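Participant: So that we are looking at the same thing, I have put the structure below in structure tokens.
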Amino acid sequence: MTHSASTGASAPQPPEQGWSLRLIFSLISLVVLLEALTMNASMISTGLPAIMTHFHTDQGGWVQTAFLLIAAVISPTLGKIADMVGKRRVLLLCVFIAAAGSFVSAVAPNFALLLIGRAMSSLLVSCMFLTYSLIRDVYPAKTVAMSVALATSGMGIVSIATPFLTGWLIDGYGWRSLFWFFTIILVVAGICIKLSTDESTYRLRSKIDLIGAALLGGAIGAVLVAVSFGVDWGWASGKTLGLFLFGAVLAALWIYSATVISEPLIDLRLLTRRPIGLTAIAAGTAYGSTTVSSTILPLMCMTSASLGLGYGFGVDARGFALIQSPLGVAQVIGGVLVGVMIGRGLTPRILLALGATLLATGAFVVLSGMDTRWVVLVGAIITGFGTGLAYSSIPNLQMQAVPPQLQASTASIVATSQSMMGAILPVAVFTVLNSNVARVADGVPLYSATGMHLAWILCACIAITSLVAVFLVPRNIVQLPVPAAKVDDVDITAGPRVPATR
């Protein structure tokens, strides 16, 4: 049957019913997809030393930046398209393009092509907000909080097994096997989601701001290239200053276009609302802190202690699994705890603040004993627990502020903040590290203890920024209304759209 037209306040909700076998299969499929996103970050970070050695590059930060930069630019566009044509449809498109990108990286003969594959795979990042937006639309209301928590924090068995799987693949088959693994798992997950998960019935009339996407992407890209190569070119060189200026001009043009276009890439007016703007800042910095820690932790642990750099244990990928696996278990515990605590009335705001606190604490603990394995392990576990709390709190906090019709569009703003911070900060960290190189071996830099200390201090400061932003989020959030003229709310299986009441 066709739903009657309505505003966001009276939009139909999923039927009040409990779990079914199909719903469980759907949730497992979505969990596997988002676990692939989590696994991607940790597995590729673990493979980063081998990738840098293979291609003889000191620009390892771009392996993660290429993955997250495109995501930062394209997420708002995908969010709007999802609101217009259906969240499941866009989700599946992202999954299969990401699978193709993993294939490109797996066969890449040079570093540039590997980065192109990583850029294609970046659509996997958008699956995060598309997934929990889809869950909110099509799952029974009483299952949403726990489903979102499980989908964003993953399953314990996967987190325990992932580091050992990574070690087995890298040590036994080389770093390329990581990308082959993701090619296969993403294709399988996409097929399962198509078979098990319904399409959302919510629709929002919108327009796509391609100019805004190009300006924002160009601005961020220019600045990041300048930051990456500023150490080699010289910070006062014409190329470095020119790129900074070019990026600033593009950023100014993007801001101007966002104020004059009726439906910009990112609605800057939404960011002026404290719940949305501060949640975006808190989410971005929390995600940025975890991206930095996951990037530098394997580099630090896999460096041999015999080099006398003041850190490292010389472990291989399997040895690093003994540190990474407890971190993953702690992350899952933190994520599940969010679902339980929110169900008992604790606010996502408090849980996100606790997560940010633990992220900063974990970084300082690692900093205090970079050459002591048990200290690093304790710091990693604290970081994992904070990651689980933060990741699962963010979507629940964001969902309090907007109605379903604006869910994907607004969630994409938060996802953009996360992706931008995740893209920018690894480059910034490698800039710090490349400014503190002790010596070079086989074309790969070995970083000094000072550089590694500064990297962990930066990681902690980013988490503290997230904590401050969380405390500034209002305790009582008033949900953002949706303009009645923009809403289409129909059953997509039952004929043409029914326009909203004006």
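Participant: If we scan region 58-72, do we find a residue that is surrounded by fewer than 21 Cβ atoms within 10 Å (Cβ to Cβ) and in contact (Cβ under 8 Å) with a residue 12 or more places away in the chain? Explain how you work it out, then say what you get.
Facilitator: Kept after step one, since they are surrounded by fewer than 21 Cβ atoms within 10 Å (Cβ to Cβ), are these residues of region 58-72: 58-59.
Now drop any that are not in contact (Cβ under 8 Å) with a residue 12 or more places away in the chain, which leaves 58-59.
Looking for residues that are surrounded by fewer than 21 Cβ atoms within 10 Å (Cβ to Cβ) and in contact (Cβ under 8 Å) with a residue 12 or more places away in the chain, one finds at least one in region 58-72, hence yes.
Participant: Moving to a separate point now. What helices (runs of 4 or more DSSP H), lying completely within region 234-351, carry at least 1 residues that are in contact with a Pro (Cβ under 9 Å, 6 or more places away or on another chain), hydrophobic (A, V, I, L, M, F, W, C) and surrounded by 19 or more Cβ atoms within 10 Å (Cβ to Cβ)? Write out each step before concluding.
Facilitator: Details: elements: 238-260, 268-271, 274-302, 317-343.
The qualifying helices (runs of 4 or more DSSP H) are 238-260, 274-302, 317-343.
Participant: Which count do you get for residues in region 97-148 that are open to solvent by less than 10 Å² (accessible area, probe 1.4 Å) and either part of a helix (DSSP H, G or I) or more than 27 Å from residue 50 (Cα to Cα) (or both)?
Facilitator: 26
Participant: So which residues in region 175-212 are of a type in the set (A, V, I, L, M) and open to solvent by 20 Å² or more (accessible area, probe 1.4 Å), if there are any at all? It would help to see each step written out before you state the result.
Facilitator: Looking only at region 175-212, we keep the residues that are of a type in the set (A, V, I, L, M), and these are 178, 184-189, 191, 193, 195, 204, 208, 210-211.
Once the filter is applied, which keeps residues that are of a type in the set (A, V, I, L, M) and open to solvent by 20 Å² or more (accessible area, probe 1.4 Å), region 175-212 yields 184, 185, 187, 188, 191, 195, 208, 210, 211.
Participant: Looking at 71, 41, 66, 11, which one is modelled with pLDDT of 80 or more and either among the small types (Gly, Ala, Ser) or touching a Cys at 6+ places or on another chain (Cβ under 7 Å) (or both)? Spell out the reasoning first.
Facilitator: Numbers: 71 fails: modelled with pLDDT of 80 or more; 41 fails: modelled with pLDDT of 80 or more; 11 fails: modelled with pLDDT of 80 or more.
Every option except 66 fails the conditions.
Participant: What residue, among those in region 419-456 that are open to solvent by 50 Å² or more (accessible area, probe 1.4 Å) and out of contact with any helix residue (DSSP H, G or I) (no Cβ under 9 Å at 6 or more places or on another chain), is farthest from residue 284 (Cα to Cα)?
Facilitator: Among them, the one singled out is 440.
The values are calculated or read from the model by the stated rules, or taken from the named source; none is laboratory data. Computed from a predicted structure; not experimentally measured. Note: ideal-geometry Cβ built from the backbone for every residue, glycine included; neighbour counts use all protein chains shown. Just the protein is used for accessible areas: all its heavy atoms, side chains included, with ligands, DNA and RNA removed. Shrake-Rupley method; radii C 1.70, N 1.55, O 1.52, S 1.80 Å.
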